[in-house]
Amino acid sequence: MTTNFWAELPSPFFVLAPMEDVTDVVFRHVVQAAGAPDVFFTEFTNSDSYCHPEGRDSVRGRLVFTEDEQPMVAHIWGDKPEFFREMSIGLAEMGFQGIDINMGCP
């Protein structure tokens, strides 16, 4: 994550928002074929699960994306700053262009 892709988007731009149990890789490809979003988001992914030795495998499917889904933003949630840090480093290594911390859902 070395560039600000938001500054390079067309105006107006089209975003496929994160939706729990909906915006997986298959759904994103269907939407891409129909509407070509400018930005993609993953499903909600919990930082506690990602950082737990046994939990990482359980959330891995939520973080799958293909090269043609860029820019890709990981939508994450949790309550431990140290887990946000660890997860953010891992997501950058996986090729995510952005990280969205969920703060709006109850």
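Just so you know, all these numbers are worked out from the coordinates, no wet-lab data involved. No experiment lies behind these values; they were computed from the predicted model shown. Methodologically, a virtual Cβ is constructed for each residue, glycine included, from the backbone with ideal geometry; neighbour enumeration extends over all protein chains shown.
Extension gain, residue 5-residue 20: 0.36 nm per intervening residue step, less the Cα-Cα distance, totals 3.0 nm. Considering only 17, 34, 74, the Gaussian network model of the chain with Cα springs below 10 Å gives its largest mean-square fluctuation to 34.
Considering only alpha-carbon pairs that sit under 8 angstrom and 6 or more positions apart, the relative contact order computed for segment 43-91 is 48 percent. Helix 25-35 and the longest principal axis of the C-alpha atoms of the chain enclose an angle of approximately 20°.
Does a label point 7 Å from the Cα of residue 13, set along Cα-to-beta-carbon, have any residues of segment 63-106 with amide nitrogen under 16 Å, and which are they? Counting backbone N atoms under 16 Å from the label point, the list is 69-75, 96-101. How big is the Rg/Rh ratio for the chain, C-alpha atoms only, Rh by Kirkwood, two decimals? Radius of gyration relative to Kirkwood radius: 0.96. For the chain, the longest principal axis of the Cα atoms and the long axis of helix 81-94 meet at an angle of about 50 degrees.
Helix content alone sets the calculated 222 nm mean residue ellipticity of the chain: runs of n ≥ 4 DSSP H residues at -39500 (n - 2.57) each, divided across all residues, give -9000 deg cm²/dmol.
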